[in-house]
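A quick write-up on the structure given underneath.
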Amino acid sequence: MNLFLSQNIIKPFLILLLFSASFLLTGCWDRREVNDTALVLGAAIDKEKGKNIRLTVQILIPRAVSGGQTGAGGGGGGGGPQVLVRSAIGENMADAASKLQTKFPRKIFWGHCKTYIFGKKLAKAGDIHEQIDFLLRHPEPRERAHLFVSDGKAANILELKPPLERYVGEALRKLSEMRIGVNITVKDFEQMVTGDAGTALLPLIKKLPPMPGNKQEATIAYIVGTAIFKKDKMVGQIDTKVTRGLLWLRNEVQVTAVTVQPKKGESISLDPIRQTTKLLPTIENGKWKILAKITSEGTIVQNGTHLDVMSPNITKKLEKDLEKDIKQRINLSLTQVKKGMNLDAFGFADAFHRKYPKEWEKVKDHWDEALPQVDVKIDIKTRIRRPGLSTTPAGLKEKEVEKK
C-alpha cells in the first residue's frame, strides 16, 4: 500500500520536473549575432541650433580588427582605419540615435561604449541631464561608462587617432581610471546632481597640441582640469593644479607627485604612497565648522639638492614643506570653488547631513546661502617613510652633503 502511494506521488513530480526543464531548452530567443551588430566604442554629444543635439558615434570596423591591424588609424588589414565615425542631429539622444541607425546596415549596440564626451557648449546650456536620462533608462548603456567635457566640440575628439591605444575612448578611459583628474561615471554624475550639495564634477579634456615644429595634427586628448556643475549646468572650470587640491579634500588623490623647494633653485619630489582625508563637521553656538584632517605618507623619488634626506632634522623640515604645499593647493581650490563659485564640490554637505541630520533639514533648501559661512580648517600631518634607493644626492661626494 505504501509503495503504491509513493509511486503515485513520484510520477506527477517527475512529469512536472520534465515539463519545467523543457523551458531551458528553448535556446537564446533574444540573441544577437555579432555579425549583425555595430559596436559603439565612444560617443560625443554636441549642442546644435535650438534645442537639438548632434550625436556622434565611433563604430568598430570588424574587418580591420580581424585583419591584424595594430595601430589606431593604419597598419595591418590593408592599412584601413579600425573605426568609423558618423553623426546625426536630433531633439535628444534617443531621437539622434534613431536617425543614426538609418546610416548603418547593422543594429547599433551601446553595451561596449565606455566613454561619453559632452561638448562645452552643451554643458554650459544645462542640457546634459536630459541626455544622461537616455544612458540610465536605455537597457544597453553602462552605468560605469566614463563621462568627459570637451573644451570645444566633442565630435572632434572622436576623430583623433591615439598612437598607443586602438581608439581615443580607450585612451580617455585609462587616463580617467589613473586618477589624472576626477574619475566620474554615469552613475557617479547622477548621484552628484541629486545629492545634498547638488554640485557635480566632470574631467575637462582638450586636444594635445603637436610638438613645436611638427606639422602633424593632434592625435590624442588629455585632461586639462575639471568642469564644475551646478545641477546639470556647467558654471565654471578649474585647472589641474586646483583639481589636485580638490581631490585631496575629496579623499580621491592617487597618482600625484609633490615637489617642494627647501632652498631657492633646488627641489625635492615625493610620491605619496598612502593618504587619507576625514571631514569632521561641528556646529557650536550656531556656527558651522568643518575640519579636514589629512594624513599622508610619502617616499622621495628625486633629490635635486645638497641635503642628506637620511638626517632626521632635514626629514622634519621636508615634511613641513610638504604640508605647506598641500595646504596651498587645498586653499586654492577653496578660494576658486567655495568662495569664487559658491559651490560645495568637497562633500561638506554630506558630512553635515550624516552627523547633524536635524540641523541639516533646516538649511538643505538654502545650502548656497549657508555655505559661505562655513569655516574650513585644514590639519595636515605628513611622514616621509622612505628616502628612496639612494642615501646621498647623485653626483655629490659625502663631504658635500648637508647633514642639517
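The values are calculated or read from the model by the stated rules, or taken from the named source; none is laboratory data. Just so it is clear, the model here is predicted, and its values are computed rather than measured. Counting neighbours? That spans all protein chains shown, and the Cβs are built from the backbone with ideal geometry, glycine included.
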query = Which pairs do you get when a residue that is closer than 20 Å to Ile283 by Cβ, found in segment 334-354, comes within reach of a residue that is polar (S, T, N, Q) and buried (at least 16 other Cβ atoms within 10 Å of the Cβ), reach meaning Cβ atoms under 7 angstrom, with the pair 6+ apart or on two chains?
reply = Asp344/Thr199
ask   = Going by the structure shown, is Val337 crowded, with 21+ Cβ neighbours inside 10 Å, closer than 29 Å to Leu175 by Cβ and modelled with pLDDT under 90?
value = no
inquiry  = All but one of (1) surrounded by 19 or more Cβ atoms within 10 Å (Cβ to Cβ); (2) assigned by TED's automatic domain parsing to the domain that holds Pro162; (3) of a type outside the set (Val, Ile, Thr); (4) more than 18 Å from Arg329 (Cα to Cα) hold for Lys233; state the number of the condition that does not hold.
reply    = (1)
message = Please go through segment 303-319 and give me each residue that is part of a helix (DSSP H, G or I), more than 16 Å from Arg385 (Cβ to Cβ) and within 34 Å of the chain's Cα centre (by Cα), ordered by number.
response = none
ask   = Which of the residues that make up segment 112-141 are farther than 21 Å from Val235 by Cα and within 19 Å of the chain's Cα centre (by Cα)?
value = His112, Cys113, Lys114, Thr115, Leu135, Leu136, Pro141
request  = Please work out if Ala370 is in contact with a helix residue (DSSP H, G or I) (Cβ under 7 Å, 6 or more places away or on another chain), farther than 21 Å from Gly245 by Cβ, modelled with pLDDT of 90 or more and not polar (S, T, N, Q).
outcome  = yes
Identity of the residue in segment 186-199, part of a loop (DSSP other than H, G, I, E, B) and out of contact with any strand residue (DSSP E or B) (no Cβ under 7 Å at 6 or more places or on another chain), that ends up surrounded by the fewest Cβ atoms within 10 Å (Cβ to Cβ) = Thr194
task = Residue by residue through segment 299-319, note down the ones that are in contact with a helix residue (DSSP H, G or I) (Cβ under 9 Å, 6 or more places away or on another chain) and at pLDDT 85 or above.
result = Ile300
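Would you check if Gly286 is buried (at least 17 other Cβ atoms within 10 Å of the Cβ) and on the phi > 0 side of the Ramachandran plot?
Values: buried (at least 17 other Cβ atoms within 10 Å of the Cβ): no; on the phi > 0 side of the Ramachandran plot: yes.
Answer is no for this residue.
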inquiry  = I'd like to know if segment 282-294 contains one or more residues that are within 29 Å of the chain's Cα centre (by Cα) and either in the same structural domain as Arg179 (by TED's automatic domain parsing) or under 21 Å from Arg386 (Cβ atoms) (or both).
reply    = yes
key: Flag for Thr382 being among the polar types (S, T, N, Q), buried (at least 19 other Cβ atoms within 10 Å of the Cβ) and in contact with a helix residue (DSSP H, G or I) (Cβ under 9 Å, 6 or more places away or on another chain)   = yes
message = For a quick check of your reading: which helices (runs of 4 or more DSSP H) sit entirely within segment 108-170 and have at least 1 residues that are β-branched (Val, Ile, Thr) and either surrounded by 21 or more Cβ atoms within 10 Å (Cβ to Cβ) or at pLDDT 95 or above (or both)?
response = 128-137, 154-158
request  = Scan segment 258-277 residue by residue and report those that are out of contact with any strand residue (DSSP E or B) (no Cβ under 7 Å at 6 or more places or on another chain) and touching a residue at least 24 places away in the same chain (Cβ under 8 Å).
outcome  = Lys263, Glu266
query = Considering segment 176-187 alone, what residues qualify as being in contact (Cβ under 8 Å) with a residue 40 or more places away in the chain and closer than 16 Å to Phe118 by Cα?
reply = Ser176, Val182, Asn183, Thr185, Val186, Lys187
ask   = With Asp196, Asp239 as the choices, which residue is among the acidic types (Asp, Glu) and touching a residue at least 60 places away in the same chain (Cβ under 8 Å)?
value = Asp196
Given (1) under 11 Å from the mean Cα position of the chain (by Cα); (2) outside any loop (DSSP other than H, G, I, E, B); (3) within 19 Å of Phe229 (Cβ to Cβ), index of the condition Asn183 fails = (2)
query = Consider Ile314 against the criteria (1) more than 17 Å from Asn251 (Cα to Cα); (2) in contact with a Ser or Thr (Cβ under 7 Å, 6 or more places away or on another chain); (3) aliphatic (A, V, I, L, M): it satisfies all of them except one. Which criterion is unmet?
reply = (2)
ask   = Among the candidates Arg144, Arg166, which residue alone is more than 15 Å from Leu41 (Cβ to Cβ) and in contact with a helix residue (DSSP H, G or I) (Cβ under 9 Å, 6 or more places away or on another chain)?
value = Arg144
key: Filter result for the condition that a residue is in contact with a strand residue (DSSP E or B) (Cβ under 9 Å, 6 or more places away or on another chain), farther than 16 Å from Phe148 by Cβ, surrounded by 23 or more Cβ atoms within 10 Å (Cβ to Cβ) and outside the structural domain of Asp325 (by TED's automatic domain parsing), over Leu202, Leu249   = Leu249
query = Which of (1) touching a helix residue (DSSP H, G or I) at 6+ places or on another chain (Cβ under 7 Å); (2) at pLDDT 90 or above; (3) part of a loop (DSSP other than H, G, I, E, B) is the odd one out, the single condition Ser87 does not satisfy?
reply = (3)
